[in-house]
Amino acid sequence: VQLQASGGGLVQAGGSLTLSCAASGNINSINSLGWYHQAPGKQRELVAFVTESGRTNYADSALEGRFTISRDNNKNTVALQMNRLQPEDTGVYYCNYRAPPLEIYWGQGTQVTVSS
């Protein structure tokens with residue numbers, strides 16, 4: 001499975017960005033697509049994921065009020081709409097694919113920089 005992420009960039013605090021990720025290859029019909037955030041000098045952490053049935057899970061309930069994850073099963077894409085961005089949202093965002101039993105794939109990462 002290959003993941004191609006796009007949509008990062010530089011934005012001022014309070015602004016918005018939408019990240020997109022397209023999955024291709026041998027995609028399991030049962031899977032989840034998600035986004036992880038790696039802040040400078042920190043470990044990669046889950047932001048949110050969405051299953052093939054549309055069930056979403058946000059790692060932090062506070063993020064759910066600012067970020068929205070969605071997917072298009074017909075296109076095998078996942079998007080992360082990020083609103084009211086803050087400087088602490090700066091970092092590299094990675095698209096992630098998981099499928100049973102142990103498939104895990106990562107996209108190349110897209111940089112998001114939020115200036116104060």
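Brief remarks on what is shown
- The helix-based estimate of mean residue ellipticity at 222 nm for the chain, built from -39,500 (n - 2.57) per DSSP H run of four or more residues and divided by its residue count, is -500 deg cm²/dmol to the nearest 500.
- Rg/Rg_ref, the chain, where Rg_ref = 2.2 N^0.38 Å and atoms are Cα: 1.00
- Two-site label geometry, GLN81 and SER116: point separation in nm, points 7 Å out along Cα→Cβ: 2.9
Read-outs: derived from the displayed coordinates by stated rules, not from any lab. Everything numeric here is computed off the predicted structure, so don't read it as measured data. Cβ sites come from the backbone with ideal geometry, for glycine too, and all protein chains shown count toward neighbours.
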